[in-house]
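The values are calculated or read from the model by the stated rules, or taken from the named source; none is laboratory data. From a predicted model like this one, the values you see are computed outputs, not experimental measurements. Counting neighbours? That spans all protein chains shown, and the Cβs are built from the backbone with ideal geometry, glycine included. Quick note on the areas: whole protein, heavy atoms, side chains included, nothing else; ligands and nucleic acids left out. Shrake-Rupley method; radii C 1.70, N 1.55, O 1.52, S 1.80 Å.
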Amino acid sequence: RTFGDAGNDVGISLVKTKNVYMLAGGSNSFGNGDYDVYVIAVNEDGEQLWDKTYGGVNYDFAYSIINDNENFVLAGYTSSFNDSLNSDGYILKINNRGKLLWQKTYGGNKWDIFYSIVKDDDGYVAVGYTDSFGNGKTDFYAVKTDFYGNAIWSKTYGGIREDRATTIIKCNDGGFLI
C-alpha cells in the first residue's frame, strides 16, 4: 500500500501496538508548513485508520516514534518555533487517536536535531546532534526529559569534527548505548 498525496511524504520510523502500526516521518502534501511531522495509523490489514500532521509554518520532521502505554512520543526537528530557520530538537507526545498532548523544543540558536528517543523510568532520552553547543562542528546531543517533556539535563559529546548520535538503546543496567 501507499500513503500520502502528490508531494513528498516520508515514513521513516514504525512502531506496532496491539492491533495498529504507527508510521512517522514528514510530509509536504499535508499540514501547515513547508514540511510537517506526519503520522499515519494503519491496521494489521494495511488499511489507513487516520493520519495527522504536526508542526508550524516551516520545516518539521520526525525521525523516531515510540509507544508509551498507547500514547506515542516522537522525536525529530522543527524550524517552526524559533526566531531563525535553524532547527531545534523537537519532541511531541500524541494519544492513540493522534491528539497532540504536548510538544517541546530543545537547543540553541544553531542546528539541533533528534534522531532517536527511548523511554526511561522517569521520562525520555532523545539523541541526535547539535552545533549550538559542544566542542566541534557538530556533537552528539542527548536530552533527558520528564514525562511532560520538561528538560532534566542535556549533554554533548564529541571532538572537533562532526559527531552525530543516530540511535539510543536503554540497557538492562539503567544506562544507555548511543
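Tabulated values for the structure
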{"quantity": "Whichever residue in the range 1-57 is hydrophobic (A, V, I, L, M, F, W, C) and assigned to a loop (DSSP other than H, G, I, E, B) and, among such residues, is nearest to Glu70 (Cα to Cα)", "calculated": "Phe3"}
{"quantity": "Cross-chain or 6+ apart pairs with Cβ under 9 Å, the range 135-158 first and aliphatic (A, V, I, L, M), then part of a loop (DSSP other than H, G, I, E, B)", "calculated": "Ala142/Ala165; Ala142/Ile168; Ala142/Ile178; Val143/Gly107; Ile152/Asp122; Ile152/Asp146"}
{"quantity": "Some residue of the range 25-39 being open to solvent by less than 20 Å² (accessible area, probe 1.4 Å) and among the aromatic types (Phe, Trp, Tyr)", "calculated": "yes"}
{"quantity": "Index of the failed condition, Tyr77 passing every other in (1) without any contact (Cβ under 8 Å) to a residue 60 or more places away in the chain; (2) open to solvent by 20 Å² or more (accessible area, probe 1.4 Å); (3) touching a Phe, Trp or Tyr at 6+ places or on another chain (Cβ under 8 Å); (4) outside any strand (DSSP E or B)", "calculated": "(4)"}
{"quantity": "Condition broken by Gly136, with the remaining ones in (1) part of a loop (DSSP other than H, G, I, E, B); (2) closer than 14 Å to Thr167 by Cα satisfied", "calculated": "(2)"}
{"quantity": "Extreme residue, farthest from Thr105 (Cα to Cα), among residues of the range 123-154 that are modelled with pLDDT under 95 and of a type in the set (D, E, K, R)", "calculated": "Lys137"}
